[in-house]
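Participant: Below is the structure I would like to discuss, written out as structure tokens.
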Amino acid sequence: MLRVELKMEIARTPKDVFGYLTDVEQLPRWQKSLLEARANGPFQEGTRIVEQRSLFGHKGETELEVTAFESPRRLTLQTLRGPVKLEIDHRLEPSGDGGTSLQVKAAGRPKGALRLAGPAVEAAARQELKRDFDRLKALLEE
């Protein structure tokens, strides 16, 4: 079972951070493995997002669904199909300096050949998630 958690402070309002998290056109700017993404409409509960990713040297398609949408406080996504069964929950809270405290929790289970890699997949996912959200923070604060 894959479990990754991170918490960070971003010097932008929760509204700004949430807006960037839910802008499908911006996703490839801060998610390294994401090649392309498209949604079947504006982000809201039930919206589906289809992504093309490059994972471990292979291209693959993942379909996700928005399962919780509480602007600008919470966004939860769950995979419907793809190489990893995953749920990722983003929680945003105002911080004392007008910024945002962002907490991200991801839990999932690799499928197929990725399941055999176990700890290596978890370590790579943890590193990638941290790098992606560090990139998100840098983009929002520049």
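The numbers here are math on the coordinates, done by the rules we state, and not lab data. Predicted model, so just to flag it, every value in this text is computed and none were measured. Cβ sites come from the backbone with ideal geometry, for glycine too, and all protein chains shown count toward neighbours.
Participant: What net charge is computed for the residues neighbouring LYS59, neighbours being all others with C-beta under 12 Å from the C-beta of LYS59, Lys and Arg scored +1, Asp and Glu -1?
Facilitator: Neighbourhood net charge equals -2.
Participant: Classify the chain: rounded, prolate or oblate, from the alpha-carbon gyration tensor (a ≥ b ≥ c, eigenvalue square roots; a/c under 1.5 rounded; otherwise prolate if a/b is larger than b/c)?
Facilitator: prolate
Participant: Mind giving me the FRET efficiency for SER71 and ASP97? R0 is 22 Å, r the Cβ-Cβ distance, nearest 0.05 is fine.
Facilitator: 0.55
Participant: Modelling each spin label as a point 7 Å along the Cα-to-Cβ direction, I'd like the GLN44/GLN26 distance in nm, to one decimal.
Facilitator: 2.1 nm
Participant: Could you check the simple spin-label distance between ARG109 and GLU122, using points 7 Å along Cα→Cβ, in nm with one decimal?
Facilitator: Placing both labels 7 Å beyond Cα along the Cβ direction yields 1.4 nm.
Participant: Next question, about the same structure. What is the dipole size for the chain, taken about its Cα centre, with +1 at each Lys and Arg Cβ and -1 at each Asp and Glu Cβ, in debye to the nearest 20? List each step's numbers first, then the result.
Facilitator: On the way: 24 positive and 22 negative charges, 114 e Å.
Here the chain has a charge dipole of around 540 debye.
Participant: For helix 119-141, report the angle its Cα long axis makes with the longest principal axis of the Cα atoms of the chain; keep it between 0 and 90° and round to the nearest 10°.
Facilitator: The angle comes out at about 30 degrees.
Participant: Can I ask one more? Assign one of three labels to the stretch 6-66, namely rounded, prolate or oblate, based on the Cα gyration tensor with a ≥ b ≥ c the square roots of its eigenvalues; rounded applies when a/c is under 1.5, prolate when it is not and a/b is larger than b/c, and oblate otherwise.
Facilitator: Here the stretch 6-66 falls in the oblate category.
Participant: Oh, and also: In the stretch 21-110, what trypsin sites (Lys or Arg not before Pro) fall in a loop by DSSP, with at most 15 other Cβ atoms inside 10 Å?
Facilitator: LYS32, ARG73
Participant: Given a cut-off of 21 Å, name the pairs among LYS59/LYS85; LYS85/LYS105; LYS15/LYS85 whose C-alpha atoms lie farther apart than that in the structure shown.
Facilitator: Over 21 Å Cα-Cα: LYS15/LYS85.
Participant: Loop only per DSSP, at most 14 neighbouring Cβ atoms within 10 Å: give me the chymotrypsin sites (Phe, Trp or Tyr not before Pro) in the stretch 1-79, ordered by residue number.
Facilitator: Filter output for the stretch 1-79: PHE56.
Participant: Moving on. Compute the relative contact order of the chain as a whole-number percentage, counting only Cα pairs closer than 8 Å that sit 6 or more residues apart in sequence. Could you put the intermediate results ahead of the total?
Facilitator: Numbers: 280 pairs, mean separation 40.5, N = 142.
Contact order relative to length: 29 percent.
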